Structures are given as structure tokens and as C-alpha cells.
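The values are calculated or read from the model by the stated rules, or taken from the named source; none is laboratory data. All figures in this text were calculated on a predicted structure; none of them were measured in a lab. All Cβ positions, glycine included, derive from the backbone under ideal geometry; neighbour counts span all protein chains shown.
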Amino acid sequence: MEILLKFVNEDLLADSQEKVAPDTALFDEGRIDSLKILRLIAFLEVRSGKKIPDELVVMDRFRTIETIAKNFPDR
Amino acid sequence: MNILNSRASTVPHHDFLISHDGLLSPGPAETRLIHVLRSRFREMALAAGAEERQFPTVIAEEILDRSEYFQSFPQFASAVNSPNKTGKYFLSPAVCYHCYQLLMNSALAGDTLLTCEGRCFRAESTNDCHLWEFTMTEVVFLGENGFVRAQCDAWKQRIARWAAHLGLTVNLAPAKDPFFVGETRGKKLLQQIKGLKYELTAPGVSGKDIPVASFNLHERFFTSRFAVTLTGGEPAYSGCVAFGIERWCMALLAQHGVNEALRRVEESHDLR
């Protein structure tokens, strides 16, 4: 989860003053836009070694860093 | 387009001709059903407190461009010539874009509800449910986030109850739009993850579900592009509900036949 948190704060949100915690609601306040969601998915696919089908990209699996780490564990 | 070059009616026993170019020529009873449906949606919108507006059937390229329409649906726009050849125009693909233009560079006095109906055009591959030209009634809500979300939820419930009252089998679910490509795949996934777009579907003629209404939360997408703010100066939130009139007609014809459909819609009332 630490690697994912680092990626989100230092890469994905590099242009933002505000950083997120593991339990921050990622999709509030427009933090993640349409390009960032694709970069996040690409990052998770590389880490997990598995393609993430579009139908799995739902709030229950992507609400926070904690939720994502639980649903898409590293290989 | 050759209207005489129509394929046989796709609704058995109904006069509901759709040309190869996706242009509909309904018979008298079906025309009446379309008119009654338009009246019912209009009445519901006015009863909800919406201010009614009328807009042109054509729309300036600048409005669609500002709405990023060409980025998401470049293949659907139908261009038309203006008499003075001074600007580029398209046949409107939706009515609500006009509302954001209407409110451009303004601060809302408060929560705002607008309703409008118009002929819309989308050059999709035509089939039994995708017409090139169709009628759309929309209710657009603008204001605080809470107001917009509450309106969207209220319309979902109102229309689901009304459909049940009509004896129409419907299903409300997150929208699945298969036409997004490239960066717009990101838009589609963001829409999906945030639950921004829901569609109400009903079985059509072929038995396959067709969308008859959509319930959309835009967040600050349109209001930031058209500079529509709250009184404090921050961008407002917006959302809309859209009804495809001919789709409702198709679903009702498929499930009830024209006479029963007419009776049910004429006898129906708003179920707020």
C-alpha cells in the first residue's frame, strides 16, 4: 500500500498542494481526472500483472488507497 | 434521404416506419402517442417548478466545442449551412447545451430548474432504437451540489414510479456507453466510478433493452466551461434528466400495442 500511496501523492497528484491519506476519498473534490484514472489503472495493472477490466472500475473497489490496495494486490 | 425508401415497419401491426437513414414517419395513432408523451413529460417538468425554454434546432459549433462534444462524439455531429455563411452550425445533438450557453458568464440567483424540448440529431449507425432525428425533453438543474444530486435522485424515483404506473417493465442501471475511445475512456471510467450517469431502459421491439431516459450529474464540467457560478463566485454544479420520446413510444408499443399504450399514457398523471 505504501508504494501505491507514494505513486498517488508524488506522481499522480504531483501538481496538487493537497496530499491524500490511505483513507482519503480519492474521487471527491475532482482530485482524479479522466487522464489520472487511466494512469492509476495502468500503474495497478503493471504492479498486479493483470489487466483490469472496465467493469471492475467501480467505487466499491476504488474509494480510497486502502480499498484499491485490498482489491488489486501486488503480484 | 429518400423517405420512400423505407424498410417495412419494425413494430408488428404498427405504423412506425423508420427509413434507412434513421428518420421516423409514425402513423396517426403513433403520432398521437408521441404528442401525449411529450405533454406528460412537459407537465411533470413544469410541476417540478422548471422554467420552460425553447431553443433553435441548430447549435453553434462554438457551444459544442466548449462542451467538448467533438472530443467525445466526433462521429455523431451533423453540420448544416447557415444563411449568412458567417459561422459553423450543427444540428443539435442534445437540448441542454443551449441552457449552459444561455447562462454563460452569469451567477445563479439560486437553485435553478430549466426544461426544454427539441429535435435532436445524432449520426449514429441507425437501427431499431438509434434514430438520426429524435425528440428529446430535458430538465436541467443547476445550483449547489446537494440540490443537483437531490433533483437527480427525485427524477429517478418519479420516472420509475410513472413507468410502473404505465405497466412498463423498466430497469435503472449505471450507463454503459461503448463509444468512448482514447482519453474519453478515462471519462467513461470516471463517470462509471462516480455513478454520474444512469439509464432507464425498457424492452424494445426486438426484446432487447433500449435506453428511454438518462439521469446525469455533470459536477462542474459544464459550469466551469461556461462560467456559471453560485452567488459566491465558485462554479455551480449541474445535472440533467433526458427523455427520448420516440424510445418511450417504441417501448410502449412493444409492451402494450398502440391503443392500450395511448389509453395508459392519456390516463396517467404525475406521481411525485
So the helices (runs of 4 or more DSSP H) completely within region B:91-210 holding 3 or more residues that are closer than 30 Å to A:Arg39 by Cα, touching a helix residue (DSSP H, G or I) at 6+ places or on another chain (Cβ under 8 Å) and without any contact (Cβ under 8 Å) to a residue 40 or more places away in the chain are B:183-194
Only one of these conditions is not met by A:Leu26: (1) aliphatic (A, V, I, L, M); (2) closer than 24 Å to B:Pro174 by Cα; (3) part of a helix (DSSP H, G or I). Which number is it?
(3)
So, of the residues in region A:34-51 that are more than 17 Å from B:Gly195 (Cβ to Cβ) and within 10 Å of chain B (Cβ to nearest Cβ), which turns out to be modelled with the lowest pLDDT?
A:Leu35
Kindly indicate whether B:Val258 is within 14 Å of another protein chain (Cβ to nearest Cβ), at pLDDT below 95 and at negative phi.
no
Please determine whether any residue of region B:207-216 is of a type in the set (Asp, Glu), over 21 Å from B:Val148 (Cα atoms) and touching a Ser or Thr at 6+ places or on another chain (Cβ under 6 Å).
yes
Listed residues B:Ala45, B:Ala109; which is buried (at least 18 other Cβ atoms within 10 Å of the Cβ) and of a type outside the set (Ser, Thr, Tyr)?
B:Ala45
What number of residues within region A:20-29 satisfy the criterion of being farther than 19 Å from A:Lys6 by Cα and either modelled with pLDDT of 95 or more or facing another protein chain (nearest Cβ under 7 Å) (or both)?
0
Does at least one position in region B:228-236 carry a residue that is out of contact with any Lys or Arg (no Cβ under 8 Å at 6 or more places or on another chain) and without any contact (Cβ under 8 Å) to a residue 12 or more places away in the chain?
yes
Among (1) closer than 28 Å to B:Asp65 by Cβ; (2) crowded, with 21+ Cβ neighbours inside 10 Å, B:Leu253 falls short only on (1)
Residue check: is B:Leu196 farther than 13 Å from B:Ser72 by Cβ, in contact with a His (Cβ under 9 Å, 6 or more places away or on another chain) and aliphatic (A, V, I, L, M)?
yes
Please pick out the residue among B:Lys208, B:Lys156, B:Lys176 that is closer than 16 Å to B:Gly239 by Cα and basic (Lys, Arg).
B:Lys156
